1. Could you tell me whether any residue of the range 46-60 is among the β-branched types (Val, Ile, Thr), modelled with pLDDT of 95 or more and in contact with a Leu (Cβ under 7 Å, 6 or more places away or on another chain)?
2. In the range 141-161, which residues are more than 15 Å from the chain's Cα centre (by Cα) and surrounded by 21 or more Cβ atoms within 10 Å (Cβ to Cβ)?
3. Which count do you get for residues in the range 1-37 that are hydroxyl-bearing (Ser, Thr, Tyr) and open to solvent by 20 Å² or more (accessible area, probe 1.4 Å)?
4. Do the conditions hold for Leu98, that is, is it in a helix (DSSP H, G or I) and either within 14 Å of the chain's Cα centre (by Cα) or touching a residue at least 12 places away in the same chain (Cβ under 8 Å) (or both)?
5. What number of residues within the range 96-129 are under 17 Å from Ala16 (Cα atoms) and crowded, with 22+ Cβ neighbours inside 10 Å?
6. I need the helices (runs of 4 or more DSSP H) fully contained in the range 118-236, keeping only those with at least 3 residues that are at pLDDT 95 or above.
7. If you check Ser27, Ser76, which single one turns out to be outside any helix (DSSP H, G or I), over 19 Å from Ala122 (Cα atoms), hydroxyl-bearing (Ser, Thr, Tyr) and modelled with pLDDT of 95 or more?
Amino acid sequence: MNLLAIETATECCSAALLADDRLLVRSRIAPRRHAELLLPMCEELLAEAGLRRRDLDVVAVGCGPGAFTGVRLAVSAAQGIALALGIPVVPVSSLAALALQSPDGGAAILAVIDARMGEVYAGAFRRTPDGLVEPIGDESVGSAAELLLPAAPAWNVIGSGWASYRDVIAARLPAAPSWADGDRYPQAADVARLALPLARAGRGVAPESALPVYLRDKVALTVVEQQAARRRKALS
């Protein structure tokens, strides 16, 4: 199976190609350059693998949550490629892709992406027997100080939300994290790993049914909401 994966929900722009179980990757931290970089990355991967677009069987996409424009770009690109080729799309949670980078030590995994405006996108996960991850609660967006987590004795924490709100998030945990890294972003390579078993099981969707996940209903705050967010941040 030839599977192309793309992920642009954060500052990191990445693409990956699984070609007969060989994984090829392109990834760059490049805020505001995703639209410029994404398709050339995909073309480079195909050329490296000796494939043409029509050799692809499925497109996988990190569908968010994350930056509004980044999520929209990834989903639009995936839809366009898949529609042109008549192949399915496998949407994957960007938070799940982020969680997959956590070490496997038995701890639950908290994936947190800085959502700006004093908030984080958050998802709780656990390892599965096949080495992937599955959710243990609903993904959410909200104040880090009000983060609600399912019960677990130990946690690994990963993502830019930890870098931005380390002390606030630590206060929501039952103990200090077993492991934490605030310098990780969702990667297309992990989108590919999560999508592959779904694609093999025929669980891809029609391109038009691959929808972005924003969580946040709006991308701007009123003046009152901005003031409240600043007060929460000052108290954290």
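The values are calculated or read from the model by the stated rules, or taken from the named source; none is laboratory data. Predicted, not measured: the structure shown is a model, and the values here were computed from it. Note that each Cβ is placed from the backbone with ideal geometry, even for glycine, and that neighbours are counted across all protein chains shown. To get the accessible areas, we keep the full protein, side chains included, count just its heavy atoms, and leave off ligands, DNA and RNA. Shrake-Rupley method; radii C 1.70, N 1.55, O 1.52, S 1.80 Å.
1. Going residue by residue through the range 46-60, those that are among the β-branched types (Val, Ile, Thr) are 58-59.
The next check asks that each one be modelled with pLDDT of 95 or more; those that pass are 58-59.
If we keep only those that are in contact with a Leu (Cβ under 7 Å, 6 or more places away or on another chain) as well, we get 58-59.
Yes, some residue in the range 46-60 is among the β-branched types (Val, Ile, Thr), modelled with pLDDT of 95 or more and in contact with a Leu (Cβ under 7 Å, 6 or more places away or on another chain).
2. Taking the range 141-161 first, the residues more than 15 Å from the chain's Cα centre (by Cα) are 142-156.
Of everything in the range 141-161, those that are more than 15 Å from the chain's Cα centre (by Cα) and surrounded by 21 or more Cβ atoms within 10 Å (Cβ to Cβ) turn out to be Ala144, Leu147, Trp155, Asn156.
3. Residues of the range 1-37 that are hydroxyl-bearing (Ser, Thr, Tyr), as a first pass: 8, 10, 14, 27.
Those still in the list that are open to solvent by 20 Å² or more (accessible area, probe 1.4 Å) too: 27.
The qualifying residues number 1.
4. Working: in a helix (DSSP H, G or I): yes; either within 14 Å of the chain's Cα centre (by Cα) or touching a residue at least 12 places away in the same chain (Cβ under 8 Å) (or both): yes.
The answer is yes for Leu98.
5. As a first pass, look at the range 96-129 and keep what is under 17 Å from Ala16 (Cα atoms): 96-98, 100-101.
Now narrow it down to the ones that are crowded, with 22+ Cβ neighbours inside 10 Å: 96-98, 100.
Within the range 96-129, residues that are under 17 Å from Ala16 (Cα atoms) and crowded, with 22+ Cβ neighbours inside 10 Å number 4.
6. Numbers: elements: 160-170, 188-200, 223-235.
Answer list for the range 118-236: 160-170, 188-200.
7. Details: Ser76 fails: outside any helix (DSSP H, G or I).
On inspection, the qualifying residue turns out to be Ser27.
Results for (1) under 17 Å from the mean Cα position of the chain (by Cα); (2) within 20 Å of Glu139 (Cα to Cα); (3) aromatic (Phe, Trp, Tyr), shown as yes or no for each residue.
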{"site": "Ala5", "(1), (2), (3)": "yes, no, no"}
{"site": "Thr10", "(1), (2), (3)": "yes, yes, no"}
{"site": "Ala19", "(1), (2), (3)": "no, no, no"}
{"site": "Cys63", "(1), (2), (3)": "yes, yes, no"}
